[in-house]
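The values are calculated or read from the model by the stated rules, or taken from the named source; none is laboratory data. Please read all numbers here as calculations on a predicted model, not as lab measurements. In this analysis, Cβ positions are derived from the backbone assuming ideal geometry, glycine residues included, and neighbour counts consider all displayed protein chains. With ligands, DNA and RNA removed, areas are computed over all heavy atoms of the protein, side chains included. Shrake-Rupley method; radii C 1.70, N 1.55, O 1.52, S 1.80 Å.
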Amino acid sequence: MRKAVPLGHPDFGKAFPCRCTLEEDEEARRQRLQRFSNLRHYLGVTFQQLEAQERGSAYARALEEARSFAEGPEGFLVITGPSGSGKTSLAAAVANLCIERGILALFIGVADLLDHLRAAYRPEAETGYDQLLEQLRSVPLLVLDDLGGQQSTPWAEEKLFQLIDHRYSARLATVVTLAVPLSRLDPRLRTRLESPYRSRIVTLGDGLPEGLKQIDLLSAPLLRGLTFSRFDPSVVTRDGEEQRILKRTVGQARAYARDPKGFLVLVGRPGTGKTRLAAAIGHYWRQEGKAVLFLVVPDLLDYLRSTFDPRHHWPYDDTFEAVRAIPYLILDDLGQHSSTPWAQEKLFQLINYRYNYLLPTVFTTNLVAAALDPKVRVRLADPQVSTVLPMGYFDFWERGYQAKG
């Protein structure tokens with residue numbers, strides 16, 4: 001077609017494609033990009049579609065982070081989370097948005113990628129190994145799905161490192177979804193994927209082993225509804241002076257929950273409300289969207305022992321790291337476990353790590369300081385890190401529960 005412009009206009013007499021032709025060309029280009037992308041099973045996955053799914057505030061934050069990456073793709077986006085949390089869909093939404101904007105993208109599962117590389121060595125292969133590897137290394141956006149789920153061989157580890165290291169150095173946009181915790185990856189890969197300068201890490205769900213969530217007490221029927229507003233000192237004791245102590249303790253515990261720093265130790269004889277008050281703190285954190293675990297110490301140690309079984313889905317190292325590094329932790333009934341050298345060592349490693357990094361941790365115990373492992377005692381009693389709150393007439397430092405008299 002020709003534009004209706006006056007004689008002398010720069011466009012006078014020139015032929016231009018009509019709007020329908022331009023739209024057809026744009027559609028053809030989009031289809032070509034989609035064919036290359038390997039997204040045939042995820043072409044309908046968009047951010048608008050995912051927004052309609054009610055998955056909680058943590059998922060909404062992850063969605064916004066992924067959308068921000070897709071609008072200006074550079075460096076790495078690493079998506080972690082348990083199976084079924086939506087990692088692959090979120091990665092597909094990133095790729096589809098980039099394709100809509102004309103960016104060439106390739107979506108591939110890591111196990112399939114390695115199979116293709118192996119097949120490319122064959123003489124009859126349509127695409128040779130060097131050509132295929134170059135496509136993977138240089139495509140503007142690469143999505144690697146389920147890293148860590150592949151069979152781990154020295155050859156596979158080497159190829160994956162070569163690919164990821166090249167894209168890391170070139171700052172090429174790369175989305176990685178993880179089938180395993182970051183801690184289980186080859187250390188060379190971890191340094192690239194965890195780089196604070198070139199990598200964004202998005203976590204879907206809490207990333208915790210299912211077994212730990214099963215022994216988490218915050219969802220147990222007795223503790224499920226226990227909040228600060230429902231903590232009633234009169235249910236614990238009829239003694240007026242003891243009720244005043246408990247009210248003061250509740251106020252201090254509420255202040256700690258709002259601004260958690262270091263340790264909080266709730267000390268008292270059985271039945272004084274330690275576990276209930278610790279649960280109120282845990283529910284406050286969880287309502288704030290914090291990642292928190294509420295674990296009974298003997299149950300935690302039993303679970304850790306079970307992870308030594310080679311058939312266990314989450315091996316011991318990953319499980320222990322998940323507990324050690326969780327942002328908010330509540331350990332109930334410290335001192336009620338069997339005091340074996342192994343148990344003492346594991347508890348000290350856990351408590352010492354959180355002590356050094358000032359990670360918010362709540363303990364409940366009915367033991368006086370002198371009865372605890374000396375290495376643990378000095379950390380729980382350190383006034384620079386720890387606040388000790390009595391639940392009734394209780395002297396943590398020397399004499400234990402003191403009857404009124």
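Of note:
- Flag if Arg137 is open to solvent by 30 Å² or more (accessible area, probe 1.4 Å), of a type in the set (Lys, Arg), without any contact (Cβ under 8 Å) to a residue 40 or more places away in the chain and over 22 Å from Val94 (Cα atoms): no
- Whichever residue in the range 114-130 is of a type in the set (A, V, I, L, M) and not in a helix (DSSP H, G or I) and, among such residues, is farthest from Gly81 (Cα to Cα): Ala125
- Thr365 vs. criteria in contact with a Gly (Cβ under 9 Å, 6 or more places away or on another chain), more than 22 Å from Arg269 (Cα to Cα), of a type outside the set (Lys, Arg) and modelled with pLDDT under 95: no
- For the range 250-271, the tally of residues that are open to solvent by less than 60 Å² (accessible area, probe 1.4 Å) and within 17 Å of Ile330 (Cα to Cα) stands at 13.
- Applying a threshold of 6 Å to beta carbon distances and a minimum spacing of six or more residues, or different chains, the list of pairs starting in the range 268-293 at a residue that is without any contact (Cβ under 8 Å) to a residue 24 or more places away in the chain and closer than 20 Å to Thr249 by Cβ and ending at one that is surrounded by fewer than 16 Cβ atoms within 10 Å (Cβ to Cβ) and hydrophobic (A, V, I, L, M, F, W, C) is empty.
- Applying the criterion of being in a helix (DSSP H, G or I) and of a type in the set (Lys, Arg) to the residues of the range 154-203, the residue that is farthest from Gln131 (Cα to Cα) is Arg184.
- Residue list for the range 64-80, restricted to those being of a type outside the set (Ser, Thr, Tyr) and open to solvent by 20 Å² or more (accessible area, probe 1.4 Å): Glu64, Glu65, Arg67, Glu71, Gly72, Pro73, Glu74
- Gly128 satisfies every condition listed in (1) touching a residue at least 60 places away in the same chain (Cβ under 8 Å); (2) surrounded by fewer than 15 Cβ atoms within 10 Å (Cβ to Cβ) except (1).
- When Lys87 is tested against (1) over 29 Å from the mean Cα position of the chain (by Cα); (2) closer than 17 Å to Leu185 by Cβ, only condition (1) is not met.
- Considering residues of the range 178-207 that are hydroxyl-bearing (Ser, Thr, Tyr) and under 22 Å from Val94 (Cα atoms) only, the residue nearest to the chain's Cα centre (by Cα): Thr203
- Residue check for Asp146: within 22 Å of Pro315 (Cα to Cα), open to solvent by 10 Å² or more (accessible area, probe 1.4 Å), in contact with a helix residue (DSSP H, G or I) (Cβ under 7 Å, 6 or more places away or on another chain) and touching a residue at least 12 places away in the same chain (Cβ under 8 Å): yes
- The range 274-315: number of residues that are within 19 Å of Arg354 (Cα to Cα), among the hydrophobic types (A, V, I, L, M, F, W, C) and assigned to a loop (DSSP other than H, G, I, E, B): 1
- Near pairs, Cβ below 6 angstrom, 6+ apart or cross-chain, from the range 98-121 (closer than 29 Å to Glu71 by Cα) to any residue that is among the acidic types (Asp, Glu): Gly109/Asp145; Gly109/Asp146; Val110/Asp146
- Only one of Pro233, Pro221 that is out of contact with any strand residue (DSSP E or B) (no Cβ under 9 Å at 6 or more places or on another chain), open to solvent by 60 Å² or more (accessible area, probe 1.4 Å) and not aliphatic (A, V, I, L, M): Pro221
- Of all the numbered requirements in (1) modelled with pLDDT of 85 or more; (2) open to solvent by less than 50 Å² (accessible area, probe 1.4 Å); (3) out of contact with any strand residue (DSSP E or B) (no Cβ under 7 Å at 6 or more places or on another chain), Gln162 misses one, and that requirement is (2).
- Of all residues in the range 285-328, those that are more than 15 Å from the chain's Cα centre (by Cα), closer than 18 Å to Tyr256 by Cβ and crowded, with 20+ Cβ neighbours inside 10 Å total 2.
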